[in-house]
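Enquirer: Below is a structure I'd like to ask you about.
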Amino acid sequence: MYRARVFNPNRSGVTVQYLSGLELAKRDPDWTKKIALCGVLMLSAMCIPFFGQFALNGYLSAMMQRTARGQEDLLPRMEFDLDYLMKLAGSGFRVFIVQLVWGLALLPIMLVCYGCIGAGAFLGAQLESSLISGVLAGLGGLLMIACMIPFSLGMVSGGVRAQLSDDISVGLQFGPAFRMGKTMWKELLLGGFILSFVFFGLYLAGVIACGIGMFFTIPLAMIIMSNYYAHVYREYVARGGEAVNIAHIREADPQGSSVGPRPQAF
């Protein structure tokens, strides 16, 4: 049996591996079965809207919780046990609420930025100057970028905190989320950029595989991305960042792991 790699919270400078989630999956002898079942949850949305997506998000949260503890021996348990899936769906629903609130908070910022771009273009048209129109619209675009990037970093961090804690209130603590985004901005931006290409590559591979392959490759891409963000959180704590109380879904621990609820992250 594989041993979980131990994480030392007092050690800084941890190297974050972009594809560590793929390594984690391959260590699990049942990884293809588990990922295929995740794909079935995605496919179930055609019959039962939302439940499959929420259960899949809850499964990703369970994996992130294990990774944040330093347990990277196996993927969480995945099987069609209704009680278990209901618990996963409840966890995924709470993450959805956090993401929804962050998205609603972003909406006014988007409206203001688009208003600035539109006003600049309108003023330039009124002055009959394409140069002024282009400059003002460009300034509005720069304002949007200046607002969107910090907010997006906070939004991602808030989602990570919600997934690890399984707590809506923790995910909606804007101050700690923005502090994490500020500290880990390089990892979040670069990792997000690189993993977007990984996601697209796996998506394309699924499309090539007669389309149905997407229901295997997309869950795998989601596992890789979620595992990466759990490592980003670990590095953040190693640098002295604020830890969260990591949740524990006992049923998700493979082969009856003895790890139980813990009051602190590490």
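Enquirer: Using a 1.4 Å probe and ignoring any ligands, DNA or RNA, find the accessible area of T217 and quote it in Å² to the nearest 10.
Expert: Looks like 20 Å² after rounding.
Enquirer: Using a ≥ b ≥ c from the Cα gyration tensor of the range 161-221 (square roots of the eigenvalues), is it rounded, prolate or oblate, where a/c under 1.5 gives rounded and otherwise the larger of a/b and b/c decides, a/b for prolate?
Expert: Because a/c hits 1.5 or more and a/b fails to exceed b/c, the range 161-221 counts as oblate.
Enquirer: Extending each Cα 7 Å along its Cβ direction at I97 and D30, get the distance between those two points in nm, one decimal.
Expert: If labels sit at I97 and D30, their model points lie 3.1 nm apart.
Enquirer: Could you give the DSSP H helices of the chain that reach 20 angstrom or more along their long axis (alpha carbon positions) and whose average Kyte-Doolittle hydropathy is no lower than 1.0?
Expert: Helices meeting the span and hydropathy rule in the chain are 82-126, 130-165, 185-208.
Enquirer: Rolling a 1.4 angstrom probe over the protein heavy atoms, how many square angstrom per residue are accessible across the chain? Kindly include the intermediate steps, with their values, before the conclusion.
Expert: Working: 13280 Å² over 266 residues.
For the chain, the per-residue accessible area is 50 Å².
Enquirer: Can you pull the accessible area of D83 for me, 1.4 Å probe, Å² to the nearest 10?
Expert: Solvent-accessible area, nearest 10 Å²: 110 Å².
Enquirer: Working with all protein chains in place, sort I223, I218 by solvent-accessible area computed with a 1.4 Å probe, largest first.
Expert: I218, I223
Enquirer: Here's a follow-up. Rounded, prolate or oblate: which one fits the range 30-157, using the alpha carbon gyration tensor with axes a ≥ b ≥ c (rounded when a/c is under 1.5, else prolate when a/b beats b/c, else oblate)? Before the final figure, lay out each step's value.
Expert: Working: a/c = 3.57, a/b = 2.81, b/c = 1.27.
Verdict is prolate for the range 30-157.
Enquirer: Something else: Indicate the gyration tensor shape class of the range 23-95 (rounded, prolate or oblate), computed on the Cα atoms with a ≥ b ≥ c the square roots of the eigenvalues: a/c under 1.5 is rounded; otherwise a/b larger than b/c is prolate and the rest oblate.
Expert: Because a/c hits 1.5 or more and a/b fails to exceed b/c, the range 23-95 counts as oblate.
Enquirer: Taking amide H positions as placed in the peptide plane 1.01 Å from N, state which residues far from D166 in sequence (5 or more) or on other chains have amide H under 5 Å from it.
Expert: A247
Enquirer: Follow-up. In nm, give the distance between the simple-model label positions of V112 and A209, each being 7 Å from the Cα along the Cα-to-Cβ direction.
Expert: Distance between the two pseudo-spin positions: 4.5 nm.
Enquirer: Then there is this: Could you tell me what percent of the accessible area of the chain is made up of carbon and sulfur, with a 1.4 Å probe and every protein chain present?
Expert: Carbon and sulfur together cover 68 percent of it.
Enquirer: Take the Cβ-Cβ distance between F200 and L123 as r, set R0 to 30 Å, and report the resulting FRET efficiency rounded to the nearest 0.05.
Expert: 0.20
Enquirer: Which value in Å does the Kirkwood hydrodynamic radius of the chain take, with 1/r averaged over all unlike C-alpha pairs and then inverted?
Expert: Values: mean 1/r = 0.0504 Å⁻¹.
Mean inverse Cα-Cα distance, inverted, gives 19.8 Å.
Enquirer: Once the whole set of protein chains is in place, how much accessible area is left on V160, using a 1.4 Å probe, in Å² to the nearest 10?
Expert: Counting only protein heavy atoms, V160 exposes about 10 Å² to solvent.
The values are calculated or read from the model by the stated rules, or taken from the named source; none is laboratory data. As the structure is a computational prediction, the values presented were derived from the model and not from experiment. Because the Cβ atoms are built from the backbone with ideal geometry, glycine has one as well, and the counts that use them run over all protein chains shown. The accessibility values were calculated without ligands, DNA or RNA, using every heavy atom of the protein model including side chains. Shrake-Rupley method; radii C 1.70, N 1.55, O 1.52, S 1.80 Å.
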